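*Asks:* So that we are looking at the same thing, I have put the structure below in structure tokens.
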Ligand code: FES
């Protein structure tokens, strides 16, 4: 698992192994827009401020993934113990 800090609300969530970041955000009452839940549509694209996402989507380009400035929360995880999202 890993921790996700929400820069705008100040909330910190813990994402348990095997759960998606999207589920953790929705459980916390964060109104995340999403559609496909499979990393294809780009609807759930979320800005990343700190940490390294484990990109598992098919939406971002290789360059965008390497930049680590945004992630698809429906299917991607974290390579670092902590992510900070700009939401
Ligand atoms: Fe479609 Fe995440 S909901 S990419």
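Here, each number is a calculation from the coordinates, and none is a lab measurement. Quick caveat, the model's predicted, so the values are computed rather than measured. In this analysis, Cβ positions are derived from the backbone assuming ideal geometry, glycine residues included, and neighbour counts consider all displayed protein chains.
*Asks:* Provide 36, 75 in ascending order of the number of other Cβ atoms located within 10 Å of each residue's Cβ, fewest first. Spell out each step's value before the answer.
*Replies:* On the way: 36 16, 75 22.
So the ranking, lowest neighbour count to highest, is 36, 75.
*Asks:* Which length gain, in nm to one decimal place, applies between residue 49 and residue 61 when the Cα-Cα distance is subtracted from 0.36 nm times their residue separation?
*Replies:* On the way: separation 12, 0.36 × 12 = 4.32 nm, distance 1.84 nm.
2.5 nm is the gain from fully extending residue 49 to residue 61.
*Asks:* Write down the percent of antiparallel bridges among all DSSP beta bridges whose residues are both part of the chain, to the nearest 5.
*Replies:* Values: 11 of 15 bridges.
Given both bridge residues lie in the chain, the antiparallel proportion sits at roughly 75 percent.
*Asks:* Separation between the residue 40 and residue 19 pseudo-spin-labels, each 7 Å from Cα along Cα→Cβ, expressed in nm?
*Replies:* Roughly 2.7 nm, to one decimal.
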